Amino acid sequence: MEQKRSKVLMLTEGGMMIALSALLSYVRIYQAPNGGSVTAGSMIPIMIFAIRWGLGPGLAVGATYGMLDFILKPYFVHPLQLLFDYPLAFGSLGLAGIAYVLTKNKGKSGYGSVLLGVSLAIMGRLIFHVLSGVVFFAEYAGDQNPWIYSIVYNATYLVPELIISLIVMIIVWKPIQKFIR
């Protein structure tokens, strides 16, 4: 009975974190001209979920959020680009669940594992957006190397998102730490 209750709790939390991320994605600080934006920490709820519930559930909730983001703000030029820019890129936010693994296996619950998880998650998202940019949006690079163009373009909004996420996680980690399993 307890395991069933726990799964219901996880699903409920996942839905709430997806909804919160969707709402925060509309609070934009900066909108890049060809997609992507700096938001009020819209990735944080997904990463908190991953830290709380682990890698697998975090990846699933991140990918689900990615599909919701596509439904709310649809843009795609090819089915593989849709896959790279939505479920895979946002699914990688579940990599923050590395912090769950580190805290469970080593008994640590410090800032280091959380900041590592958040950094890996956003780097994962950056990698998928860069790959999508090189394969599907290389014409925007003009005479530049498409790899460099894609890295620079995507970094213009994901590096500020990383900084915002790290600062917010430092602030909220201590109070929410007692809720991490």
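The values are calculated or read from the model by the stated rules, or taken from the named source; none is laboratory data. Model, not experiment: these values are computed from the prediction. With ideal geometry, Cβ positions are generated from the backbone for all residues, glycine too; neighbour counts draw on all protein chains shown. For accessibility, only protein heavy atoms count, side chains too; no ligands or nucleic acids. Shrake-Rupley method; radii C 1.70, N 1.55, O 1.52, S 1.80 Å.
Scanning region 67-120 for residues being under 16 Å from Ala22 (Cβ atoms), of a type in the set (A, V, I, L, M) and either surrounded by fewer than 16 Cβ atoms within 10 Å (Cβ to Cβ) or free of Cβ contacts under 8 Å to residues at least 40 places away in the same chain (or both) gives a total of 3. Every listed requirement among (1) assigned to a helix (DSSP H, G or I); (2) under 22 Å from Lys178 (Cβ atoms) is met by Lys4 save one, (2). Note on region 5-16: residues that are surrounded by 12 or more Cβ atoms within 10 Å (Cβ to Cβ) and closer than 12 Å to Trp53 by Cα total 5.
Among the residues of region 145-161, those that are part of a helix (DSSP H, G or I), open to solvent by 40 Å² or more (accessible area, probe 1.4 Å) and of a type outside the set (Ser, Thr, Tyr) comprise Pro146, Trp147, Ile148, Ile151, Val152, Val159, Pro160. Only residues in region 132-144 that are surrounded by fewer than 17 Cβ atoms within 10 Å (Cβ to Cβ) count as the first member; pair them with residues that are modelled with pLDDT under 90, Cβ under 8 angstrom, at least 6 apart or cross-chain, and list the lot. As it stands, the answer is Tyr140/Asn34, since those pairs meet every condition given.
Taking the listed residues Ser119, Ser132, the one that is part of a helix (DSSP H, G or I) and over 18 Å from Phe76 (Cα atoms) is Ser119, with no other qualifying. Going by the conditions given, is Ile127 under 16 Å from Phe84 (Cα atoms), out of contact with any helix residue (DSSP H, G or I) (no Cβ under 7 Å at 6 or more places or on another chain), part of a helix (DSSP H, G or I) and open to solvent by 60 Å² or more (accessible area, probe 1.4 Å)? Answer is yes for this residue. Does Tyr26 satisfy the condition of being open to solvent by 30 Å² or more (accessible area, probe 1.4 Å) and without any contact (Cβ under 8 Å) to a residue 24 or more places away in the chain? When the stated conditions are applied, Tyr26 passes them. Looking only at region 1-36, residues that are touching a Phe, Trp or Tyr at 6+ places or on another chain (Cβ under 6 Å) and under 30 Å from Glu139 (Cβ atoms) come to 2 in all. Leu59 meets each of the listed conditions (1) hydrophobic (A, V, I, L, M, F, W, C); (2) over 20 Å from Leu158 (Cα atoms); (3) open to solvent by 60 Å² or more (accessible area, probe 1.4 Å) apart from (2). Going through (1) modelled with pLDDT of 95 or more; (2) among the aliphatic types (A, V, I, L, M); (3) more than 15 Å from Arg125 (Cβ to Cβ) one by one, Val77 falls short only on (1).
Residues in region 32-49 that are hydroxyl-bearing (Ser, Thr, Tyr) and in a strand (DSSP E or B): Ser37, Thr39. On the stretch given as region 162-175, residues that are surrounded by 14 or more Cβ atoms within 10 Å (Cβ to Cβ) and farther than 20 Å from Ser25 by Cβ total 1.
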